[in-house]
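A.B. asks: Dropping a structure here in structure tokens format, bear with me for questions.
The values are calculated or read from the model by the stated rules, or taken from the named source; none is laboratory data. All figures in this text were calculated on a predicted structure; none of them were measured in a lab. Cβ placement follows ideal geometry from the backbone for every residue including glycine, while neighbour counts extend to all protein chains displayed. Calculation scope for accessible area: heavy atoms of the full protein, side chains included, ligands and nucleic acids excluded. Shrake-Rupley method; radii C 1.70, N 1.55, O 1.52, S 1.80 Å.
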Amino acid sequence: MSAPLEFYFDFYSPYGYLASARIDEIATKHGREVIWRPFLVGATFALTGARPLVDIPLQGDYSLHDMRRCAREQGLPFQLPDNFPKAALAPSRAFYWLVDAQPEKAKALARKIYHATFGEGRDGTDANLVADLAVPLGIDREQLLLGMQSPEVKARLKQETEAAVARGVFGSPYIFVDGEPFWGNDRLEQVDRWLATGGW
């Protein structure tokens, strides 16, 4: 069986939100699965010298315009949260608390968090909101809140972020196809063609 794609993303990445709506569909078309790997993109900024796009003069205004345009093209709602940008600790920890035992529920929760954050403009870093979104999926709210605060889960997110950086991941979304890296929502068409052709 062909290896799964690896989808690295930050929960407070607008382009990660856009990619999350398409990545599994593209992979399924080619008989592949996707491993979702949230990480904290802010950890890369000291290494790359980057900063959040919306904080960069000129480029920030364009980026916000482009995010809205890309969302319209994909038929997705888009509303930037008031507290953007912010470190997405709570949703990332919630994902890693769930993923080993319930990977599909972890993905479902990730999609709900992304929709609440960028589809509705809510504070997706709020642990209580994350827990509320989990309840309709059959996830125990209080256990999730406790799990997010466990030393093991906090360490897991740190390890996953460090491992991402060690692999060369510096932005969100970042996708590996059989070891081939693709950065950005605008590279998903290339991901699709790479899967179809075996690469070039």
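A.B. asks: Checking Pro85 against (1) exposed (fewer than 14 other Cβ atoms within 10 Å of the Cβ); (2) in contact (Cβ under 8 Å) with a residue 12 or more places away in the chain, which single condition isn't satisfied?
C.D. replies: (1)
A.B. asks: I would also like to ask the following. Kindly establish whether Arg122 is charged (D, E, K, R), in contact (Cβ under 8 Å) with a residue 40 or more places away in the chain and under 23 Å from Leu47 (Cβ atoms).
C.D. replies: No: the conditions fail for Arg122.
A.B. asks: Something else: For the range 4-38, give me each residue that is of a type outside the set (Val, Ile, Thr), open to solvent by 50 Å² or more (accessible area, probe 1.4 Å) and over 15 Å from Phe182 (Cβ atoms).
C.D. replies: Selection gives Ala21, Glu25, Lys29, Gly31, Glu33.
A.B. asks: Still on this structure, I have one more. Assess whether Pro77 counts as being of a type outside the set (Val, Ile, Thr) and modelled with pLDDT under 95.
C.D. replies: Answer is no for this residue.
A.B. asks: What number of residues in the range 101-135 are of a type outside the set (Gly, Ala, Ser) and under 17 Å from Thr161 (Cβ atoms)?
C.D. replies: Residues meeting the conditions: 1.
A.B. asks: Restricting the first residue to the range 100-118 and requiring it to be more than 23 Å from Leu80 (Cβ to Cβ) and among the aliphatic types (A, V, I, L, M), which pairs with a second residue that is assigned to a helix (DSSP H, G or I) and open to solvent by 60 Å² or more (accessible area, probe 1.4 Å) meet a Cβ separation below 9 Å and a spacing of at least six or different chains?
C.D. replies: Sorted first by the residue in the range 100-118, then by its partner, the pairs are Ala106/Trp97.
A.B. asks: Are there any pairs, at least 6 apart or on different chains, whose C-beta atoms fall under 6 Å, with the first in the range 157-181 and farther than 24 Å from Ile26 by Cβ and the second of a type outside the set (Phe, Trp, Tyr) and open to solvent by 30 Å² or more (accessible area, probe 1.4 Å), and if so, which?
C.D. replies: Leu157/Arg93; Thr161/Leu40; Thr161/Ala43
A.B. asks: Scan the range 165-182 for residues that are within 16 Å of Ser20 (Cα to Cα) and either buried (at least 20 other Cβ atoms within 10 Å of the Cβ) or of a type outside the set (Gly, Ala, Ser) (or both) and jot them down.
C.D. replies: Listed by number, the residues that qualify are Ser172, Pro173, Tyr174, Ile175, Phe176, Val177, Phe182.
A.B. asks: Within the range 17-52, work out how many residues are modelled with pLDDT of 95 or more and in a loop (DSSP other than H, G, I, E, B).
C.D. replies: Final tally of qualifying residues: 8.
A.B. asks: Filter the range 100-128 down to residues that are assigned to a helix (DSSP H, G or I), open to solvent by 60 Å² or more (accessible area, probe 1.4 Å) and over 16 Å from Pro38 (Cα atoms), then give me how many there are.
C.D. replies: Number of matching residues: 1.
A.B. asks: What do you reckon, is Ala196 more than 19 Å from Gly16 (Cα to Cα), in a helix (DSSP H, G or I) and either open to solvent by 30 Å² or more (accessible area, probe 1.4 Å) or out of contact with any His (no Cβ under 8 Å at 6 or more places or on another chain) (or both)?
C.D. replies: Yes; evaluated as a whole, the condition is true for this residue.
A.B. asks: Let me ask something additional. (1) closer than 20 Å to Tyr15 by Cα; (2) assigned to a helix (DSSP H, G or I); (3) in contact with a helix residue (DSSP H, G or I) (Cβ under 7 Å, 6 or more places away or on another chain); (4) not small (Gly, Ala, Ser): which one isn't true of Trp97, the others all being true?
C.D. replies: If we test Trp97 against (1) closer than 20 Å to Tyr15 by Cα; (2) assigned to a helix (DSSP H, G or I); (3) in contact with a helix residue (DSSP H, G or I) (Cβ under 7 Å, 6 or more places away or on another chain); (4) not small (Gly, Ala, Ser), just (1) comes out false.
A.B. asks: Scan the range 53-80 for residues that are free of Cβ contacts under 8 Å to residues at least 60 places away in the same chain and either assigned to a loop (DSSP other than H, G, I, E, B) or among the small types (Gly, Ala, Ser) (or both) and jot them down.
C.D. replies: Ile56, Pro57, Leu58, Gly60, Ser63, Ala71, Gly75, Leu76, Pro77, Gln79
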